[in-house]
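I have placed the structure first, in the form of structure tokens, so that the comments after it can refer back to it.
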Amino acid sequence: MSQEWIQQSERSNPFTLKLIRWIALHIGRRFSRILLYPIVAYFLLTSNKVVRSSRSYLKRILGRPAKISEVARHIYTFASTVLDRVYFLTDQYDRFDIRVHNAEIFDSFLKDKRGAILLGSHLGSFEVLRALAISRYHLPVKILMYRDHNQMITTVLNALNPAVAESVINLSDADAMLQMQDAIESGYLVGMLGDRVSGNEKKTSCKLLGEATDFPSGPALLAALLKTPIIVFFGLYRGGNRYDIHFELLGEEVNLNRKTRNEDIQTWMQKYADHIERHMRQAPYNWFNFYDYWKDYNKD
């Protein structure tokens, strides 16, 4: 996996984002969704990287070359989840049909005030989980992320809900890992995304949709170091106003043997990749890694 996702510049400006936010809040979701069509057309016409990465992924998941209408649907699905962030951050859950699956997995953690790693991905909406957990269920959640990546849209949208913004542990901070350890020991659920490699991060090779690609080793290493369970989650957009949130226990305890450390890390991260693939096949247009994920461009 390349560093392309980090190097990509934001294709927006503060005025446009604030305008979209205003329209979403004052005109309503139905009309706002109509405005997504010209946005999709804009990306189809001006962003070869987005279109190319979409085609590459859709060819894998569909088993055949993708039609331009399917690429448009892929981009539209992503744009829909970005728009819906406005409503999630302003507690407008009544607009949606949100179905939570296996939420009872948290009962023992909350009862015993045990921390855990919530491991997500760029499959579906991360925001639906973050906003629901903090605003509706009042779960003790911290989010581990690079605050500077897509800073423009993050700043504009997080202004809608400072409580959500304050839940972030910035990976760019020198003491980010200490903040995470303190949060885990204090009984917090620490959410992170584990399907992209960044910087000089340690990585391991896993198969996804039949071909190897790089996954970060960090989630398995952190879980083993902090002796904390890993719960995977997916906030899948099903179209219209429906979202399905799935929680699944990846491991109650992650043990890494000194002699087989690399193999053990690969085994745990492959389990995670298998969870992603299973849900990816159920909701194929929810994959939001719009860059050369499998390094296909180097094969041309």
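The values are calculated or read from the model by the stated rules, or taken from the named source; none is laboratory data. Quick caveat, the model's predicted, so the values are computed rather than measured. Note that we place each Cβ from the backbone using ideal geometry, even for glycine, and neighbour counts take in every protein chain shown.
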Worksheet item: In region 249-282, which residues are aliphatic (A, V, I, L, M) and in contact (Cβ under 8 Å) with a residue 40 or more places away in the chain?
Response: LEU249, LEU250, ILE265, MET269, ALA273, ILE276, MET280
Fill in: Single unsatisfied condition, VAL86 versus (1) under 28 Å from LYS142 (Cβ atoms); (2) not in a helix (DSSP H, G or I)
(2)
Worksheet item: How many residues, within region 62-72, are of a type in the set (A, V, I, L, M, F, W, C) and surrounded by fewer than 17 Cβ atoms within 10 Å (Cβ to Cβ)?
Response: 2
Worksheet item: Do you know which of the residues in region 250-296 that are at pLDDT below 95, acidic (Asp, Glu) and surrounded by 14 or more Cβ atoms within 10 Å (Cβ to Cβ) is farthest from PHE78 (Cα to Cα)?
Response: ASP296
Worksheet, complete the sentence: Within region 98-123, the residues that are under 30 Å from GLY28 (Cα atoms), in contact with a helix residue (DSSP H, G or I) (Cβ under 6 Å, 6 or more places away or on another chain) and assigned to a loop (DSSP other than H, G, I, E, B) are SER121
Item to complete: Would you mention how many residues in region 180-211 are surrounded by fewer than 19 Cβ atoms within 10 Å (Cβ to Cβ), out of contact with any Phe, Trp or Tyr (no Cβ under 9 Å at 6 or more places or on another chain) and at pLDDT 90 or above?
Response: 6
Item to complete: Identify, from the list ARG29, ARG33, ARG95, ARG52, the residue that is surrounded by 12 or more Cβ atoms within 10 Å (Cβ to Cβ), touching a helix residue (DSSP H, G or I) at 6+ places or on another chain (Cβ under 9 Å) and within 19 Å of ASN289 (Cβ to Cβ).
Response: ARG52
Response to the item:
Residue pairs qualifying under the 8 Å Cβ cut-off, at least six apart or on distinct chains, with the first in region 283-300 being within 16 Å of ILE61 (Cβ to Cβ) and among the basic types (Lys, Arg) and the second being modelled with pLDDT of 95 or more and not in a helix (DSSP H, G or I), are none
Worksheet item: Looking at region 241-256, which of its residues are closer than 30 Å to ASP94 by Cα and not in a loop (DSSP other than H, G, I, E, B)?
Response: ARG242, TYR243, ASP244, ILE245, HIS246, PHE247, GLU248, LEU249
Practice prompt. Identify the single condition in (1) within 20 Å of ASN286 (Cα to Cα); (2) at pLDDT below 85; (3) not aromatic (Phe, Trp, Tyr) that LEU160 does not satisfy, given that it satisfies every other one.
Written response: (1)
Worksheet item: Any idea which of ILE75, ILE20, ILE117 is buried (at least 18 other Cβ atoms within 10 Å of the Cβ), modelled with pLDDT under 85 and not basic (Lys, Arg)?
Response: ILE20
